[in-house]
Amino acid sequence: MEVKTPEIQEVREAKTETAPAKPANVDKPQETEIKKTTKPLTKQVVSSGFSISAFLNKEETVVEEDTVVEKTENLPQNHFTETDLQAEWSLLLKQLQRKDTFVFNAIKTFKLLKSGENQITVLFPSDSAKVEFDKVSREFFNHFKTKVHNFSIEIIYKRDTENLKIEVMTKRKIFEKFAEKNPLLKDLDDLMRFDLT
């Protein structure tokens, strides 16, 4: 048991009443740290490489045919039919319609035709659509070659200029087509004055 004597208690009180210690950096002036960098702080402007004047002055070069040639010397070359090709093409379109609608909308107007014993011609409407087709073409043709056991198939790309223009059918145009087949509709329109706008 500790006995408190007045001398010990005075010493304890003297220790607690001492002035608080000054922080070490109060008397010293504050130093700021300056970092030097070799890189600029702002982003540098990078040119995209696209020039409008160069684009306008560029000559149009249209490539009508592209041929993909692969070495297929000792591989099977079984016969395939147009029906086989169209069945696989429609299956791919159905899968793309569910999986990737953007690519589906871009390539749904493509036509694949068997143009020779070991040759497929792909008719495409535009270059932008062909870019989307290139994303799925390798997988499609590899699958098709495996299915029909013919690995010497050549793929030829041609621009389809006939189906490039898609006509928008309005009520007036539909009526005019029917009026060509049945001239009595034109007489009825003169009499009734249909609103076909």
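Throughout, read-outs are computed from the coordinates displayed, never taken from laboratory work. Keep in mind the model is a prediction, meaning the values are calculated, not measured. Because the Cβ atoms are built from the backbone with ideal geometry, glycine has one as well, and the counts that use them run over all protein chains shown.
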By count of other Cβ within 10 Å, fewest leading, how are VAL122, VAL103, VAL168 ordered? VAL168, VAL103, VAL122
Exposure proxy order (Cβ contacts within 10 Å, fewest to most) of LEU92, LEU196: LEU196, LEU92
Farthest toward positive dipole pole in region 73-114 [+1 Lys/Arg, -1 Asp/Glu at C-beta], among VAL103, LEU92, LEU113: VAL103
Tally Lys/Arg at +1 and Asp/Glu at -1 over every other residue whose Cβ is under 14 Å from the Cβ of VAL103; what's the total? +3
What is the gain in length, in nm to one decimal, between LEU93 and SER126 on full extension, counting 0.36 nm per residue of separation less the C-alpha to C-alpha distance? 10.1 nm
Expressed in nm to one decimal, what extension gain is obtained for the pair MET192 and GLU117 from 0.36 nm per residue of sequence separation less their Cα-Cα distance? 21.2 nm
Going through region 116-152, which GluC sites (Glu not before Pro) have at most 15 other Cβ atoms within 10 Å and a DSSP loop state? GLU117
Within a 10 angstrom radius of the beta carbon, how do ASP195, ASP190 rank from fewest other beta carbons to most? ASP195, ASP190
Can you give the FRET efficiency for LYS135 and LEU75, using 1/(1 + (r/R0)^6), R0 = 25 Å, r = Cβ-Cβ distance, to the nearest 0.05? 0.50
